[in-house]
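Below: one structure, written as structure tokens.
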């Protein structure tokens, strides 16, 4: 049986991908990219999870330890994802100020 967090992460990635492909609004596309980023982060944390595992810094006689590398990578990915989302939103705001719209089709039409 597939754990529910794998299903949730795949669903987030798929839904974010659908939003990026199907929608024409820049804000919705940015939200879709953020959903894909969250799904990938959840998948990476899920892969690094060990049932019954403890942190490797604890003293004691524990036979199973959790690998801290995926957690550190996801923490870094979260910071990068927030930065990319802030940059994308600032670009969308700049486009809205210059063109008066956030619809991709209208922005393309104004460019020509």
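The values are calculated or read from the model by the stated rules, or taken from the named source; none is laboratory data. These figures come from a predicted structure and were not determined experimentally. Cβ sites come from the backbone with ideal geometry, for glycine too, and all protein chains shown count toward neighbours.
Of the numbered criteria (1) under 30 Å from residue 103 (Cβ atoms); (2) more than 15 Å from the chain's Cα centre (by Cα); (3) without any contact (Cβ under 8 Å) to a residue 24 or more places away in the chain, the one residue 26 fails is (3).
Would you be able to say whether some residue in segment 78-98 is in a loop (DSSP other than H, G, I, E, B) and out of contact with any helix residue (DSSP H, G or I) (no Cβ under 8 Å at 6 or more places or on another chain)? Looking through segment 78-98, none of the residues is in a loop (DSSP other than H, G, I, E, B) and out of contact with any helix residue (DSSP H, G or I) (no Cβ under 8 Å at 6 or more places or on another chain). In a residue-by-residue description of segment 79-87, the property of being more than 30 Å from residue 49 (Cα to Cα) and out of contact with any strand residue (DSSP E or B) (no Cβ under 6 Å at 6 or more places or on another chain) applies to at least one position.
Those residues that are touching a strand residue (DSSP E or B) at 6+ places or on another chain (Cβ under 7 Å), surrounded by 14 or more Cβ atoms within 10 Å (Cβ to Cβ) and assigned to a loop (DSSP other than H, G, I, E, B), I need them from segment 24-56; list them, please. Before the answer, list the steps.
Residues of segment 24-56 that are touching a strand residue (DSSP E or B) at 6+ places or on another chain (Cβ under 7 Å), as a first pass: 24-25, 53-54, 56.
Next cut, surrounded by 14 or more Cβ atoms within 10 Å (Cβ to Cβ) only: 25, 53.
Correct list: 53 only.
For segment 1-23, residues that are more than 25 Å from residue 101 (Cβ to Cβ), in a loop (DSSP other than H, G, I, E, B) and without any contact (Cβ under 8 Å) to a residue 40 or more places away in the chain total 2.
Listed by first and then second residue, the pairs with beta-carbon distance under 6 Å, at least 6 apart or on different chains, first residue in segment 61-85 and on the phi < 0 side of the Ramachandran plot, second modelled with pLDDT under 95 and loosely packed, with under 12 Cβ neighbours inside 10 Å, are 64/50; 64/52; 65/56; 66/50.
Specify which of the listed residues (86, 77, 92) is under 21 Å from the mean Cα position of the chain (by Cα), loosely packed, with under 12 Cβ neighbours inside 10 Å, at pLDDT 90 or above and closer than 29 Å to residue 22 by Cβ.
On the way: 77 fails: loosely packed, with under 12 Cβ neighbours inside 10 Å; 92 fails: loosely packed, with under 12 Cβ neighbours inside 10 Å.
The unique qualifying residue is 86.
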